[in-house]
Amino acid sequence: MAGGLSIAIDLLVALLLGATIFYCITLEKRLKQLRADEEVMRRTIADLSGATESAERAIGVLKQTVSQADASLALRLESAERFAADLSANVHAGEEIIERVRQIVETSRRAAAAQMQPAPTTPSVEPAPATAVRGGATRLAAAAIAAERLAERARARQRVEAA
């Protein structure tokens, strides 16, 4: 029996050696695959690192561009605010001039209407001719001319103030 036990132990050792060899071959294949994957992983990491550096440079350029655009926009906004203030002042001055012209025209119309009313004692079929002032112009025309001159003076004053 001692010989049978020895053979059984030898067979068991041979079987375990065979299993170990099989496991070593399988392990070797896995290690080769892992090494191949490691090389792919290293290339992927290198590519990712390059892309990160490129993105950092692009972000720096983008920050500079945004800064320049912000400065340009600030200048344009300041200029637009000045133009808006000037325009507002001009509109206000124009409204004042229009109001003065309206008052002048209204006054001249009332004066012309008062002169054109016929006398109560002498009824007439035709209206009385308008009174002439300076070079044959009616009082209404004279008021319009005066209003134009006043407006021209105001425009000249605004040009001087704007310069």
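Values quoted throughout were computed directly from the atomic coordinates according to the rules given, and no laboratory measurement underlies them. Just so it is clear, the model here is predicted, and its values are computed rather than measured. For neighbour counting, all protein chains shown are included, and Cβ atoms are generated from backbone atoms with ideal geometry for every residue, glycine included.
Listing for the model above:
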item	result
Stretchable slack from SER54 to GLU99, in nm (0.36 nm times residue separation minus alpha-carbon distance)	9.6 nm
Estimated dipole of the chain in Debye, rounded to 20 [Cβ of Lys and Arg +1, of Asp and Glu -1, Cα centre]	840
Under-5 Å amide H pairs with THR138, H placed in peptide plane, nonlocal only	VAL133
Packing-based order for 106-114, 142-150, 81-89, using average beta carbon neighbours within 10 Å, highest first	142-150, 106-114, 81-89
Length released on extending from ALA69 to THR20, taking residue separation times 0.36 nm less the Cα-Cα span	10.5 nm
Tilt relative to the chain, helix 139-162 - C-alpha long axis, 0 to 90 degrees, to 10	40
Debye equation applied to the C-alpha atoms of the stretch 2-114, log10 I(q)/I(0) at 0.19, 0.20 Å⁻¹	-1.06, -1.08
